[in-house]
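Okay, so here's the structure we're looking at.
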């Protein structure tokens with residue numbers, strides 16, 4: 001039986017975890033140099049060249065008045081909570097953000113969470129987080145997966161960052177020509193239709209996809 | 001007299017579909033279900049077959065109040081266009097999607113669909129002219 005989603009409040013769980021209570025920083029520091037996080041940063045690969053990846057993983061981030069964790073959902077891959085979670089996130093976003101932003105968050109929620117639930121390993125949880133970072137809103141979805149799938153996802157996001165419209169049209173063309181629908185049509189929609197910035201960060205076998213837009 | 005209203009409309013959470021007039025399908029709400037082809041897709045296919053059997057010249061699908069669709073649902077509209085595209089020109093009917101300029105997925109996706117199979121699908125913004 002599937003576990004119910006964890007709709008944790010920001011105050012009750014200020015530090016993002018992996019569902020097992022360990023933050024990214026703590027998990028990455030198992031061998032050396034936990035203090036300054038440098039070994040942790042070396043283990044990360046990010047599709048974003050514009051900013052240090054460590055900023056997005058700062059476990060103190062949710063404590064800041066400007067950086068508010070609005071929602072965290074922790075669940076198992078393959079569980080049947082996509083629809084209710086999407087409905088909740090959509091309703092919450094409509095109440096909190098202006099309509100165009102809410103529309104983007106709703107789209108990103110479905111497509112990223114759907115991919116994570118479909119392709120994530122059942123060994124580790126799927127985590128969805130919604131952040132209000134003062135000027136931007138971020139939706140972060142992480143899951144465990146095999147290396148090949150993580151690399152494929154990373155490549156797709158690099159491709160989308162280079163040419164969102166072209167990649168989206170390629171996916172649509174593929175659908176029209178009778179090809180099987182792929183997970184990347186959803187990602188392409190987030191990047192092109194939603195005009196959201198996508199980032200992919202891989203830590204060991206865990207992949208984190210972040211979709212971001214201005215408030 | 002067409003028999004579109006005799007085709008059973010599937011019950012889907014957060015979605016409402018109704019036949020308005022004789023040749024217009026109104027879709028409201030959201031398509032947020034993982035496998036919409038298993039109910040909505042089957043309904044679209046039945047409608048398409050009935051349109052052909054009835055020799056109806058035009059059919060309109062009003063999605064202007066359909067606020068969200070997932071990428072699996074995008075495929076439903078692509079499939080409908082492809083069913084038409086595969087027919088000889090003489091057998092085709094005119095399929096028009098009525099859209100809203102204020103809903104981003106409609107602007108983006110129907111524009112792309114038009115560019116790919118524009119000869120069989122028409123898009124009519126509710127507050128504008130047909131394309």
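The values are calculated or read from the model by the stated rules, or taken from the named source; none is laboratory data. What you see is a predicted model, and the numbers here were worked out from it, not measured in a lab. Counting neighbours? That spans all protein chains shown, and the Cβs are built from the backbone with ideal geometry, glycine included.
For the structure I just gave you, tell me whether residue B:83 is within 15 Å of the chain's Cα centre (by Cα) and within 18 Å of residue A:108 (Cα to Cα).
So residue B:83 does not fit the description; no.
Among (1) over 15 Å from residue B:69 (Cα atoms); (2) modelled with pLDDT of 95 or more, there is one condition residue B:16 misses while meeting the rest; what is its number?
Here residue B:16 clears every test but (1).
Among the candidates A:174, A:189, A:212, A:206, which residue alone is within 11 Å of another protein chain (Cβ to nearest Cβ) and surrounded by fewer than 22 Cβ atoms within 10 Å (Cβ to Cβ)?
A:174
Give me the pairs: first residue in the range B:1-22 and more than 14 Å from every other protein chain (Cβ to nearest Cβ) and assigned to a loop (DSSP other than H, G, I, E, B), second residue surrounded by 13 or more Cβ atoms within 10 Å (Cβ to Cβ) and at pLDDT 90 or above, beta-carbon distance under 6 Å, and six or more apart or on different chains, which are they?
Hits for this filter: B:2/B:54; B:7/B:46; B:9/B:17; B:10/B:39; B:10/B:43.
Any residue that is facing another protein chain (nearest Cβ under 10 Å) and closer than 20 Å to residue B:115 by Cβ - is there at least one of those in the range A:159-167? Write out each step before concluding.
Just the residues of the range A:159-167 that are facing another protein chain (nearest Cβ under 10 Å), to begin with: A:165.
If we keep only those that are closer than 20 Å to residue B:115 by Cβ too, we end up with A:165.
Among the residues of the range A:159-167, at least one is facing another protein chain (nearest Cβ under 10 Å) and closer than 20 Å to residue B:115 by Cβ, which makes the answer yes.
Is there a residue being within 15 Å of residue A:209 (Cα to Cα) and at pLDDT 95 or above anywhere in the range A:82-93?
First, the residues of the range A:82-93 that are within 15 Å of residue A:209 (Cα to Cα): none.
No, there is no match, as no residue in the range A:82-93 is within 15 Å of residue A:209 (Cα to Cα) and at pLDDT 95 or above.
Can you go through A:150, A:200 and tell me which one is at pLDDT 90 or above and either more than 29 Å from residue B:85 (Cα to Cα) or part of a strand (DSSP E or B) (or both)?
A:200
For the range A:69-80, which positions are under 23 Å from residue A:185 (Cα atoms) and either more than 10 Å from every other protein chain (Cβ to nearest Cβ) or in a helix (DSSP H, G or I) (or both)? Give the derivation first.
As a first pass, look at the range A:69-80 and keep what is under 23 Å from residue A:185 (Cα atoms): A:77-80.
Passing the criteria: A:77, A:78, A:79.
If I ask for residues that are outside any helix (DSSP H, G or I) and under 17 Å from the mean Cα position of the chain (by Cα), which ones from the range A:81-107 would you list?
A:81
Residue by residue, here is whether (1) more than 28 Å from residue A:88 (Cα to Cα); (2) under 14 Å from the mean Cα position of the chain (by Cα); (3) touching a residue at least 40 places away in the same chain (Cβ under 8 Å); (4) buried (at least 18 other Cβ atoms within 10 Å of the Cβ) holds:
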position: A:109; (1), (2), (3), (4): no, yes, no, yes
position: A:130; (1), (2), (3), (4): no, yes, yes, yes
position: A:147; (1), (2), (3), (4): yes, no, yes, no
position: A:163; (1), (2), (3), (4): yes, no, no, no
position: A:195; (1), (2), (3), (4): no, no, yes, no
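Determine, yes or no, whether residue A:124 is surrounded by 17 or more Cβ atoms within 10 Å (Cβ to Cβ), modelled with pLDDT of 95 or more and not in a helix (DSSP H, G or I).
Here the answer is no, as residue A:124 does not meet what is asked.
Scan (1) away from chain A (no Cβ under 13 Å); (2) surrounded by 17 or more Cβ atoms within 10 Å (Cβ to Cβ) for the single condition residue B:126 breaks and write down its number.
Looking at each condition in turn, residue B:126 falls short on (2).
Check off (1) modelled with pLDDT of 90 or more; (2) crowded, with 23+ Cβ neighbours inside 10 Å for residue A:184 and give me the number that stays unchecked.
Unmet for residue A:184, out of (1) modelled with pLDDT of 90 or more; (2) crowded, with 23+ Cβ neighbours inside 10 Å: (1).
Considering only the range B:25-120, give the helices (runs of 4 or more DSSP H) lying wholly within it that have at least 2 residues that are within 14 Å of chain A (Cβ to nearest Cβ) and surrounded by 21 or more Cβ atoms within 10 Å (Cβ to Cβ).
Counting at least 2 such residues, we get B:71-85, B:104-117.
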